[in-house]
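Trainee: I have a structure here, written as structure tokens, and I will follow up with some questions on it.
The values are calculated or read from the model by the stated rules, or taken from the named source; none is laboratory data. These numbers were taken from a predicted model, which means no experiment stands behind them. All Cβ positions, glycine included, derive from the backbone under ideal geometry; neighbour counts span all protein chains shown. These accessible areas exclude ligands, DNA and RNA; they are computed on the full protein's heavy atoms, side chains included. Shrake-Rupley method; radii C 1.70, N 1.55, O 1.52, S 1.80 Å.
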2 protein chains.
Amino acid sequence: MRVGYIGLGLMGKAIAGNILKGGFPLTVHNRSKGAVEELAGRGARRADSPAQVAAESEVVFTNLPDTPDVEQVVLGPAGIIEGGRPGLIVVDNSTIRPEAARAIAARLADKEMAFLDAPVSGGDVGAREGTLTIMVGGDGEAVETVRPVFAAIGKSLTYVGASGAGQVAKACNQIMVAAQMVAMGELLLLAQKAGVDPQRVIEAIRGGAAQCWTLDVKPARLFRGERGPGFKAHMMDKDLRIVLDTARAYGMPLPSAAIHAQLFAAMLEMGMRDLDNSAVIGVLEQMAGVELTVPR
Amino acid sequence: MRVGYIGLGLMGKAIAGNILKGGFPLTVHNRSKGAVEELAGRGARRADSPAQVAAESEVVFTNLPDTPDVEQVVLGPAGIIEGGRPGLIVVDNSTIRPEAARAIAARLADKEMAFLDAPVSGGDVGAREGTLTIMVGGDGEAVETVRPVFAAIGKSLTYVGASGAGQVAKACNQIMVAAQMVAMGELLLLAQKAGVDPQRVIEAIRGGAAQCWTLDVKPARLFRGERGPGFKAHMMDKDLRIVLDTARAYGMPLPSAAIHAQLFAAMLEMGMRDLDNSAVIGVLEQMAGVELTVPR
């Protein structure tokens, strides 16, 4: 199966690398050329446009920052829709609005092309190690066709339902992730302010009812003073805007997610847009007038 | 080591049972007599007052609803302090205010008795199965003395620090647990309102960055229509009041935990005080005008 990958950011480049490693012939395209050259050095073909990628592929993946980027690359001038033949399957690893995913799928269906919304979770580590969680919406037969490629990039694939369902699952995922990130920040600073060693607190609680991937992975990084991504704050901010837009569209009040969206928005205003999402503790540090102590 | 246990509620009775199973001679006391008779039938001695339990024991555990109950049972008339000899170790499994734990410890220290704050996490299941997470504050030597008993009731014991540190850790634990419970409710209802099967969404996200004990355990119960405890909403409400009181005392704003405290307070007002903490989804159901569909 000839595969294309468009959008070679932190996540996209790592995923594309695993597709190559899986033995699939790969054509890549990216606005900035560094990542293209890196993958070309490992055997990928270069393409000048999304249309060219589509012309050379049976399955084309996209991994782009936001909804308008995906619309542009798939449906815009020199986009996938211009180069693809009937039967092409487009797989979008981006996190975008579920309704936008449904609309793109409908436009591609007019040309007999399939569109799968297939956002991922598991961060940069999961992308590099090929252990992502993939949540897929769209045509079930197309999912089966692409399954061998999914197997090269993720450890778990869940078919959630019709077009858009993968994006709804991702929005749900981000509700939980944001909640955990903020709660982690609150509890670390409360412990410190109360005169208790935050590291001991994490050790005490991470095996009980509070157990989560966030507490398993992130505190150790914060205690080393590491706040770089990982998963960038401005991406979390964008995802939470999708969450709240989607919730409004379907009439679902989200009192807790709304607060978390505000805290991530504050994070961006405070100049922390390129830090990891766990660095939302920085907003709480400002509110509390204290910094998390980094042990020597 | 002769052990006493005072307060045989859902958690206390299960923990006391595991102390018996561990082979320790046990004296018990409780306001209502059903649980006392049950444990007496398994070999425990009955005592008429906390003072009598203390007189017959080297280590006395308490497990009571709230701060004033612990103060009363330890320091009040016919309390532990009246019956205990110097060298007695009092271990409190309740969740109470950290400052109250420190004050009780100081009062007992005047009588040469030790006080360990040793709240637990892991729910009724953990209590029954002896797999609780125990977080301990107080004198380190006393912790070592009690360690064999702790080993009978929990799978992990973390010494967090001086008196009160165990309660601070528990407050931190409840910040995370409340966040996960509310986020779970929000995401399940968002999925349903957006026309996506909430069970598939849980399957899709539980292995990724959203992974947590809450998502591992609670959705299956909600999908079976089970909202009983578990861990009662009014206990969560009480714990979150401790969290916010402690945060205020130490000057730590908790914007997210504060919202969760409000939602659990609403849960009580809506007549759901004796349901499980996961049933906080019921508050969101009312806000959204929809009920989580229970699959046939």
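Trainee: Exactly one condition in (1) in contact with a strand residue (DSSP E or B) (Cβ under 8 Å, 6 or more places away or on another chain); (2) more than 9 Å from chain A (Cβ to nearest Cβ) is not met by B:Ile134; state its number.
Mentor: In the conditions (1) in contact with a strand residue (DSSP E or B) (Cβ under 8 Å, 6 or more places away or on another chain); (2) more than 9 Å from chain A (Cβ to nearest Cβ), B:Ile134 misses (2) alone.
Trainee: In region A:211-221, what residues are more than 9 Å from chain B (Cβ to nearest Cβ) and free of Cβ contacts under 8 Å to residues at least 60 places away in the same chain?
Mentor: A:Pro219, A:Ala220, A:Arg221, listed by residue number.
Trainee: Search region A:105-147 for residues being open to solvent by 10 Å² or more (accessible area, probe 1.4 Å) and hydroxyl-bearing (Ser, Thr, Tyr), and hand back the single one that is nearest to A:Trp213 (Cα to Cα).
Mentor: Selected residue: A:Thr131.
Trainee: While we're looking at this one, here's another question. Can you pull out every residue in region B:210-240 that is under 18 Å from B:Asn173 (Cα atoms) and open to solvent by less than 30 Å² (accessible area, probe 1.4 Å)?
Mentor: Within region B:210-240, B:Ala210, B:Cys212, B:Thr214, B:Leu215, B:Lys218, B:Gly230, B:Ala233, B:Met236, B:Asp237, B:Lys238, B:Asp239, B:Leu240 meet the criteria.
Trainee: Being crowded, with 17+ Cβ neighbours inside 10 Å and either in a helix (DSSP H, G or I) or acidic (Asp, Glu) (or both) is the filter here; which residues of region B:66-81 pass it?
Mentor: B:Asp66, B:Thr67, B:Asp69, B:Val70, B:Glu71, B:Val73, B:Val74, B:Ile80, B:Ile81
Trainee: Could you pull out the residue among B:Val160, B:Val143, B:Val120, B:Val90 that is within 20 Å of the chain's Cα centre (by Cα), more than 14 Å from every other protein chain (Cβ to nearest Cβ) and in contact (Cβ under 8 Å) with a residue 24 or more places away in the chain?
Mentor: Testing whether each residue is within 20 Å of the chain's Cα centre (by Cα), more than 14 Å from every other protein chain (Cβ to nearest Cβ) and in contact (Cβ under 8 Å) with a residue 24 or more places away in the chain leaves just B:Val90.
Trainee: Which one of A:Arg224, A:Arg248, A:Arg241 is of a type outside the set (Gly, Ala, Ser), farther than 20 Å from B:Pro255 by Cβ and more than 12 Å from every other protein chain (Cβ to nearest Cβ)?
Mentor: Going through A:Arg224, A:Arg248, A:Arg241 in turn, just one is of a type outside the set (Gly, Ala, Ser), farther than 20 Å from B:Pro255 by Cβ and more than 12 Å from every other protein chain (Cβ to nearest Cβ): A:Arg224.
Trainee: Sticking with this structure for a sec: Out of the residues in region A:33-49 meeting the condition of being open to solvent by less than 20 Å² (accessible area, probe 1.4 Å) and in contact with a Ser or Thr (Cβ under 8 Å, 6 or more places away or on another chain), tell me which one is nearest to A:Val73 (Cα to Cα).
Mentor: Ranking the candidates gives A:Ala47 first.
Trainee: Sticking with this one: Can we say B:Lys193 is open to solvent by 10 Å² or more (accessible area, probe 1.4 Å), facing chain A (nearest Cβ under 8 Å), among the charged types (D, E, K, R) and under 25 Å from A:Arg200 (Cα atoms)?
Mentor: No, not satisfied.
Trainee: Now for a separate question. For B:Arg102, only one of the following conditions fails: (1) crowded, with 18+ Cβ neighbours inside 10 Å; (2) of a type in the set (D, E, K, R); (3) under 13 Å from the mean Cα position of the chain (by Cα). What is its number?
Mentor: (3)
Trainee: So B:Gly271 clears everything in (1) open to solvent by 50 Å² or more (accessible area, probe 1.4 Å); (2) outside any helix (DSSP H, G or I); (3) within 23 Å of B:Leu10 (Cβ to Cβ); (4) in contact (Cβ under 8 Å) with a residue 12 or more places away in the chain except one condition, right? Which one?
Mentor: Among (1) open to solvent by 50 Å² or more (accessible area, probe 1.4 Å); (2) outside any helix (DSSP H, G or I); (3) within 23 Å of B:Leu10 (Cβ to Cβ); (4) in contact (Cβ under 8 Å) with a residue 12 or more places away in the chain, B:Gly271 violates only (4).
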